[in-house]
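K.L.:
Starting off with a structure, shown below.
Each reported figure results from applying straightforward, stated rules to the coordinates on display, with no laboratory input. Computed from a predicted model, the values in this text were never measured in an experiment. With ideal geometry, Cβ positions are generated from the backbone for all residues, glycine too; neighbour counts draw on all protein chains shown.
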Amino acid sequence: MTLDLEAGAREGGRARAVRDRVAHDERGRRHRERTALWLGTVGLGVAILVFWQFGLEHLVNPRYVSDPVTIAARIVELAAEGTIFTHVSVTLGEAGMGFVIGATVGFLSAFALSQTRSGYEVFEPFLIGFYSIPKIALAPLFILWFGLGTLPKVIMAALLVYFIVFVNTATGIREVQPGLLQVCRVFGASRRDLLLKVTLPAAAPALVASVRITFTRAIEGALLSEFVASTQGLGYLVSRASRAFDIATVFAGIVIIAAVVMTANTLLRLLQNRLTPWHRGQVHG
Amino acid sequence: MTPTTGATVLANTRREHLAARRAHRRFLLLARLTIVVIALVGWESVSGTLVRPFYLSSPTAVAATLAEWVASGQLWYHAQFTVTAAFFGYLLGAAAGVLVAWPLAMVRLAYRITEPYFLIAYSVPAVAMGPVFILWFGIGMAPKILIAAYFVFFIVFINTVAGFSQVPAGLLDVTRVMGASRRDQLRTVMLPSAAPFILAALRITLPAAMIGAVTGEFISSNRGLGYLTRAAAGSFSTSGVVAGVLSLSAIVLLMNLMLRPLRHALRWQGEVDVPEAAAGR
């Protein structure tokens, strides 16, 4: 039998052609899918806005739902007055400070308690108890204790952040594989080495992930305390407008809040990927 | 002298181990009791000496307030509204979460088209919607139910979608090759595989519903435990606020304990960590 080189080349050429065609089809399919996705997403958004603007008033009294154009105009107005920047910076400041305090204290206390096994066990039921407190109910106490200023809002935000960071750090530290610790100890690692080289890197993903998701909680805490009693901030803006039945301003406030939260979340997610790229950790509530 | 057999060694070790465990348990109990006693005694003695009782109240005053609420029936009266709102909010939010997520999870494209909007809505802190619901539905039961449902909806929604999207593609392919219809696949592969996620979400969201109901009551209401607490704050009764907080926490704690068994309901699947934090508000 001789090699039929020509036939082989022909077959090869045909196979290549088939492969190219399949790849081409695949590319086309993916392209069409992406177009459909993009069109669908934008179309849905436009449809919602158009319906809200023109259709909803036939169903419910527009006094209750306002409309996108009015709300947009209201946002522009608030921005032109400059008041919105005060409100945003007040709320962000409260939430940011509470976030930093709550995350730091949460991390440090979880860390301290996890150093001794029975330490954590002794405190566990109390922590579950505290965890069960609807923190909202504490807002009046904080206002009674710390007045109407920034402090009660910061403390509320910090409290909401604290427990989530605490639980996640404690879990992260306790779930370090004992095998790793034992091997390192056998190799002569000091307590400090164990801490810096095993425990912390192992606990870091849970910690970072929990820190990322808690910024929303910090904002919630600040908003909630502002609802209860305040003189400035986004929560104040929304609750005052709602009492005045000014629904456009209420929605303008909500849109601004959502924008702030989404921006913060995006930034924090980028930071998380930067800090712990090796792990996409599970977060415990 | 009796010879040391393997059996006696084992029995001894076992006895020692049990004794050590008992000792440890006794230690934990003692340590916890000590903390409680120190905290209560410290609180009682600080209030009225170092800090004015107006700010701090005291354990006895709080106990007196609670006893008074129980005796006058106020506690049950208000608790009943809060629990009812939380319960219906929970049912509504959970049902809506599963029912909206299910069809979307089945049709990938539909899910990917709507996803950005769900993310936007999820970015609105649930508390910010409170005033809107109250504007729309007044200060009765309805807005509290809706706020509670709003707290529950997104967590259940996200987890249901996550549950359906992590069904192993291999299992789907294999069952299709073996001639399973879409309904068979749903019943035998997709639901069992998504169930742990949905159950986990259902477990963590009942307390969230309770917190949602209280939030609604805090923003505006005329009955419910949230109202009771806020009214106490309005009349500068610190012991009333603390008593309100305590009764709310007791209810949430009770709910958490009641739902604990759900953790093991699907033992063979292992425990599922739900992606978003629900409690701790």
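K.L.:
Principal axis extents for segment B:180-260, Cα atoms only, whole Å, descending order, please.
P.N.:
66, 24, 13 Å, listed from the longest principal axis down.
K.L.:
With a ≥ b ≥ c the root eigenvalues of the C-alpha gyration tensor of chain B, is it rounded (a/c under 1.5), prolate (a/b larger than b/c) or oblate?
P.N.:
The shape class here is oblate.
K.L.:
Suppose a student asked you for the relative contact order of chain A, using Cα pairs under 8 Å spaced at least 6 residues apart; what percent would you report?
P.N.:
Relative CO of chain A lands at 23 percent.
K.L.:
Something else now. Applying the Karplus parametrisation 6.51 cos²θ - 1.76 cosθ + 1.60 with θ = phi - 60° to the phi angles of segment A:148-157, what ³J(HN,Hα) value in whole Hz is obtained for each residue in order, glycine and proline being reported as x?
P.N.:
Per residue, the Karplus-derived 3J(HN,Hα) values read 9, x, 6, 4, x, 5, 4, 5, 4, 4 Hz.
K.L.:
Per-residue mean of other chain beta-carbon atoms within 10 angstrom of the beta-carbon, peptide B:116-127?
P.N.:
6
K.L.:
A further question follows. Just add up the charged neighbours of B:GLN185: K/R +1, D/E -1, any other residue whose Cβ is under 11 Å from the Cβ of B:GLN185.
P.N.:
After counting each charged neighbour, the total is +2.
K.L.:
Something else about it: Would you mind computing, in nm to one decimal, how far apart the modelled labels at B:VAL177 and B:SER72 are, each placed 7 Å from Cα along Cα→Cβ?
P.N.:
The two pseudo-label positions are separated by 7.3 nm.
K.L.:
Something else: What does the helix-only formula give at 222 nm for chain A: each DSSP H stretch with n ≥ 4 adding -39500 (n - 2.57), the total divided by the residues, and the result rounded to the nearest 500 deg cm²/dmol?
P.N.:
One gets -27000 deg cm²/dmol as the mean residue ellipticity at 222 nm.
K.L.:
Shifting gears a bit: Report, ordered by chain and residue number, the lysines lying within cross-link reach of A:LYS135, taken as a straight Cα distance under 18 Å and ignoring same-chain residues fewer than 8 apart.
P.N.:
The reachable lysines, counting only those whose Cα sits under 18 Å from A:LYS135, are A:LYS153, B:LYS144.
K.L.:
Related question: Of all the C-alpha pairs in chain A, what % are more than 30 Å from each other?
P.N.:
For chain A, the share of Cα pairs beyond 30 Å comes to 54 percent.
K.L.:
On to the next question. Can you give the percent of C-alpha pairs in segment A:167-242 whose distance is more than 18 Å?
P.N.:
That tail contains 58 percent of the Cα-Cα pairs.
K.L.:
Now for a separate question. What number, rounded to the nearest 500 deg cm²/dmol, is the helix-based mean residue ellipticity at 222 nm of chain B, given -39500 (n - 2.57) per DSSP H run of at least four residues and division by all its residues?
P.N.:
The helix contribution divided over chain B gives -26500 deg cm²/dmol.
K.L.:
Convert each backbone phi in segment A:205-211 into a coupling constant with the Karplus relation 6.51 cos²θ - 1.76 cosθ + 1.60 (shift: θ = phi - 60°), then list the ³J(HN,Hα) values in order as whole Hz, x for Gly and Pro.
P.N.:
Those phi angles translate into x, 4, 4, 5, 4, 5, 4 Hz.
K.L.:
A follow-up question, please. Subtracting the Cα-Cα distance from 0.36 nm times the residue separation, let me have the gained length for B:VAL107 to B:THR8 in nm, one decimal.
P.N.:
29.2 nm
K.L.:
With a/c under 1.5 counting as rounded, go ahead and sort segment A:1-147 into rounded, prolate or oblate using the C-alpha gyration tensor (a ≥ b ≥ c being the square roots of the eigenvalues; past the cut-off, prolate if a/b is larger than b/c, else oblate).
P.N.:
Because a/c hits 1.5 or more and a/b fails to exceed b/c, segment A:1-147 counts as oblate.
K.L.:
For segment A:102-154, count the residues as N, evaluate 2.2 N^0.38 Å, and divide the Cα radius of gyration by that value, please.
P.N.:
Taking N as the residue count of segment A:102-154, the ratio is 1.43.
K.L.:
Another question, then. Pulled fully out, how much extra length does the chain show between A:VAL46 and A:ARG191, if you take 0.36 nm times their separation in residues and subtract their Cα-Cα distance?
P.N.:
46.2 nm
K.L.:
In a shell of Cβ-Cβ distance under 9 Å around A:ASP246, excluding A:ASP246 itself, what net charge do Lys and Arg (+1) and Asp and Glu (-1) give?
P.N.:
My count for the surroundings of A:ASP246 gives +3.
K.L.:
Sorted from largest down, give the three principal axis spans of the alpha carbons of the protein assembly as shown, whole angstrom values.
P.N.:
Largest to smallest, the principal-axis extents are 108, 97, 44 Å.
K.L.:
Roughly how crowded by other chains is peptide A:105-117, in terms of the mean Cβ count from those chains within 10 Å of each of its Cβ atoms?
P.N.:
That works out to 0 on average.
K.L.:
Still on this model: At a 10 Å Cβ-Cβ cut-off, how would you order A:TYR162, B:TYR117, fewest neighbours first?
P.N.:
Result, fewest neighbours first: B:TYR117, A:TYR162.
K.L.:
Please identify the DSSP H helices in chain B that span no less than 18 Å along the helix axis (Cα) and have a mean Kyte-Doolittle hydropathy of 1.0 or more.
P.N.:
B:74-106, B:141-165, B:191-219, B:238-259
K.L.:
Here's another thing I want to ask about it. Please work out, to two decimal places, the log10 of the ratio I(q)/I(0) at q = 0.16, 0.23, 0.24 Å⁻¹ from a Debye calculation in which every Cα of segment A:5-59 carries one identical scatterer.
P.N.:
At q = 0.16, 0.23, 0.24 Å⁻¹ the computed log10 ratios are -0.67, -0.85, -0.87.
K.L.:
Say R0 is 45 Å: what FRET efficiency, to the nearest 0.05, do A:TRP145 and A:GLN53 get from their beta-carbon distance?
P.N.:
Once rounded, the FRET efficiency stands at 0.45.
K.L.:
Kindly rank A:217-229, A:139-151 from highest to lowest mean number of other beta carbons found within 10 Å of each residue.
P.N.:
So the order, starting with the most tightly packed, is A:217-229, A:139-151.
K.L.:
With no solvent and one point on each alpha carbon, what is the Debye value of log10 I(q)/I(0) for segment B:6-46 at q = 0.18, 0.24, 0.26, 0.27 Å⁻¹?
P.N.:
The calculated log intensity ratios at q = 0.18, 0.24, 0.26, 0.27 Å⁻¹ are -0.60, -0.75, -0.80, -0.82.
K.L.:
How shielded is A:138-144 by partner chains, expressed as the average number of their Cβ atoms within 10 Å of its Cβ atoms?
P.N.:
Mean inter-chain Cβ contacts per residue within 10 Å come to 6.
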